[in-house]
1. If I ask for residues that are more than 22 Å from residue 173 (Cβ to Cβ) and either in contact with a strand residue (DSSP E or B) (Cβ under 8 Å, 6 or more places away or on another chain) or assigned to a loop (DSSP other than H, G, I, E, B) (or both), which ones from the range 76-88 would you list?
2. Kindly list, by first and then second residue, each pair from a residue in the range 178-193 that is in the same structural domain as residue 158 (by TED's automatic domain parsing) to a residue that is modelled with pLDDT of 95 or more and assigned to a helix (DSSP H, G or I), limited to pairs with Cβ atoms under 6 Å and residues at least 6 apart or on different chains.
3. Would you tally the residues in the range 24-69 being modelled with pLDDT of 90 or more and part of a helix (DSSP H, G or I)?
4. Within the range 59-96, restricting attention to residues that are over 15 Å from residue 186 (Cα atoms) and under 15 Å from the mean Cα position of the chain (by Cα), which residue is surrounded by the most Cβ atoms within 10 Å (Cβ to Cβ)?
5. Determine if the range 152-159 includes at least one residue that is in contact (Cβ under 8 Å) with a residue 60 or more places away in the chain, in contact with a helix residue (DSSP H, G or I) (Cβ under 9 Å, 6 or more places away or on another chain) and in a helix (DSSP H, G or I).
6. Are there any pairs with C-beta distances below 7 angstrom linking a residue in the range 51-64 that is under 15 Å from residue 160 (Cα atoms) to a residue that is assigned to a loop (DSSP other than H, G, I, E, B), with the two at least 6 apart or on different chains, and if so which?
7. Taking the range 160-180 as the search range and keeping residues that are part of a helix (DSSP H, G or I) and out of contact with any strand residue (DSSP E or B) (no Cβ under 9 Å at 6 or more places or on another chain), which one is surrounded by the fewest Cβ atoms within 10 Å (Cβ to Cβ)?
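The values are calculated or read from the model by the stated rules, or taken from the named source; none is laboratory data. Please read all numbers here as calculations on a predicted model, not as lab measurements. Here the Cβ positions follow ideal geometry from the backbone for every residue, glycine too, while neighbour counts run over all protein chains shown.
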């Protein structure tokens, strides 16, 4: 009997030594599975179904349209209109890729495009909009990043659809692409139009 107990002890010790490794590998596999199984642009937002943040932002100094200063962000501007709110910066590489798509979308007068310029220099932001065209009817400057935190922004670019009643109905993390514009954003915006009529 003493022989059996001595032979079981090394096996038990080996198992106990391997247990943390097994647990680590199980957690790593679970993490990899969860990371690879979803669309990162579909990160849920706690703000969906809630009113857009009531944050007023100053205009981008010197940004003109039709000879007048383009206004900053006033939360009252969301009422009665379906809005696409895009958080962008001139230093953001994907923002350069999505800019022509937003400029094209701005031609659809059913929607209001609103820009939140995130932690950017005014000269650079104006140059960026001069290069691609300004798709935004309102451009609020979020110099310190506080407003973007209130919007639940993880990083730029991010885009929100706000319904006529001022409620956030959709959030897109990452750049607007031709595909997600056609398959996701436009349908969400059109759904918001129908919901408000």
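1. Filtering the range 76-88 for residues more than 22 Å from residue 173 (Cβ to Cβ) gives 76-77, 79-81.
Result: 77, 79, 80, 81.
2. 181/101
3. Summing the residues that are modelled with pLDDT of 90 or more and part of a helix (DSSP H, G or I) in the range 24-69 gives 0.
4. Filtering the range 59-96 down to residues over 15 Å from residue 186 (Cα atoms) leaves 59-80, 87-96.
Subsequent filtering for residues that are under 15 Å from the mean Cα position of the chain (by Cα) retains 87-89, 92-95.
Numbers: 87: 25, 88: 28, 89: 20, 92: 20, 93: 10, 94: 15, 95: 22.
Among those that are over 15 Å from residue 186 (Cα atoms) and under 15 Å from the mean Cα position of the chain (by Cα), it is 88.
5. Checking the range 152-159: not a single residue is in contact (Cβ under 8 Å) with a residue 60 or more places away in the chain, in contact with a helix residue (DSSP H, G or I) (Cβ under 9 Å, 6 or more places away or on another chain) and in a helix (DSSP H, G or I).
6. 51/166; 52/166; 53/151
7. Our first condition is that a residue be part of a helix (DSSP H, G or I); within the range 160-180, this holds for 178-180.
Retained after the next criterion (residues that are out of contact with any strand residue (DSSP E or B) (no Cβ under 9 Å at 6 or more places or on another chain)): 178-179.
Working: 178: 11, 179: 8.
Top of the filtered list is 179.
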